[in-house]
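A short write-up of the structure that comes next.
The values are calculated or read from the model by the stated rules, or taken from the named source; none is laboratory data. Computed from a predicted model, the values in this text were never measured in an experiment. Glycine gets a Cβ as well: all are built from the backbone with ideal geometry, and neighbour counts include every protein chain shown.
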Amino acid sequence: MARALAIVHQRDAGPGVFAEAAAARGVALETWHPAEGEPAPADPTAYSAVLTFGGAMHADQAQAHQWLRIEKDLLAGLLDAGTPLLGVCLGSQLLAEAGGGTARRASEPEIGWSEIELTPEGRDDPLLGPLAPRFEAFQWHSYEAAAPLGAVELARSPVCLQAYRLADRAWGIQFHAEVSGDDAASWIADYRSDEDAVRIGLDPIALARETAAKIGDWNAVGLGICDRFLELAYSGVR
């Protein structure tokens, strides 16, 4: 059976519906929880694909979360090895840093639903092209990735870069294509733990209602994104 690795930084920010897409393709999705002190896989290149997800911590907090350095080194090695990669939110920022880019605080947080527009390159991208010319996405972030030199910018929101591609088979997406309805509800209910959500005056009741109405269609989009990523990963063709 094909094997993929999911790097999960907190329990309510894991693969979500991406796990369903992996199961449907017969891919065994194994999980590494670096924030819980689990050792890194002995040979991460043994996986045919690696996905890294979000978390409440930030990419520049390696002093408080020393495992961030371990993960960035692991991702850099996987990039060098040509392993197919997909980074989501924090994972996208860590992937950018591993590839020589940076992660930084965005001009403003994006929390909730917002429109994302594909670049001309994004419209031709095999992973995101089917979403052209634009789509609405669920987001929860205060930081952004600055793509490494040579990366292809695929999508933007009015606030920041939303997707990029590195080399042939490594993608970073800032939006939460993986989030399940239960996880989104958990984040909204716990919004006071995010000082930026409090600062911008997030209305949890309104967001919960909007999310309940939109999450089904959004999960279908997420399933498609992950399915295409796995198809590209296992076919070896960009």
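See the values below:
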read-out: Segment 170-204, residues that are among the β-branched types (Val, Ile, Thr) and part of a loop (DSSP other than H, G, I, E, B); value: 179, 200
read-out: From the options 94, 78, 68, residue that is of a type outside the set (Lys, Arg) and within 14 Å of the chain's Cα centre (by Cα); value: 94
read-out: Check on residue 136, charged (D, E, K, R), over 14 Å from the mean Cα position of the chain (by Cα) and closer than 26 Å to residue 194 by Cα; value: yes
read-out: Matching residues, segment 207-218, being over 16 Å from residue 186 (Cα atoms) and surrounded by 19 or more Cβ atoms within 10 Å (Cβ to Cβ); value: 218
read-out: Number of positions in segment 109-145 that are surrounded by fewer than 16 Cβ atoms within 10 Å (Cβ to Cβ), out of contact with any Asp or Glu (no Cβ under 9 Å at 6 or more places or on another chain) and over 19 Å from residue 178 (Cα atoms); value: 2
read-out: Some residue of segment 41-48 being crowded, with 18+ Cβ neighbours inside 10 Å, of a type outside the set (S, T, N, Q) and at pLDDT 95 or above; value: yes
read-out: Out of 182, 196, sole residue that is over 30 Å from residue 79 (Cβ atoms) and out of contact with any Lys or Arg (no Cβ under 9 Å at 6 or more places or on another chain); value: 182
read-out: Condition met for residue 203 (charged (D, E, K, R), loosely packed, with under 15 Cβ neighbours inside 10 Å and under 26 Å from residue 51 (Cα atoms)); value: no
read-out: Wholly within segment 94-169, strands (runs of 3 or more DSSP E) carrying at least 2 residues that are among the polar types (S, T, N, Q) and within 28 Å of residue 62 (Cα to Cα); value: 102-118, 134-146
read-out: Residues located in segment 49-72, provided they are at pLDDT 95 or above, of a type in the set (A, V, I, L, M, F, W, C) and in contact with a Gly (Cβ under 8 Å, 6 or more places away or on another chain); value: 51, 53
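Conditions (1) out of contact with any helix residue (DSSP H, G or I) (no Cβ under 8 Å at 6 or more places or on another chain); (2) surrounded by fewer than 23 Cβ atoms within 10 Å (Cβ to Cβ); (3) assigned to a loop (DSSP other than H, G, I, E, B), marked per residue:
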site: 19; (1), (2), (3): yes, yes, no
site: 35; (1), (2), (3): no, yes, no
site: 69; (1), (2), (3): yes, yes, no
site: 86; (1), (2), (3): no, no, no
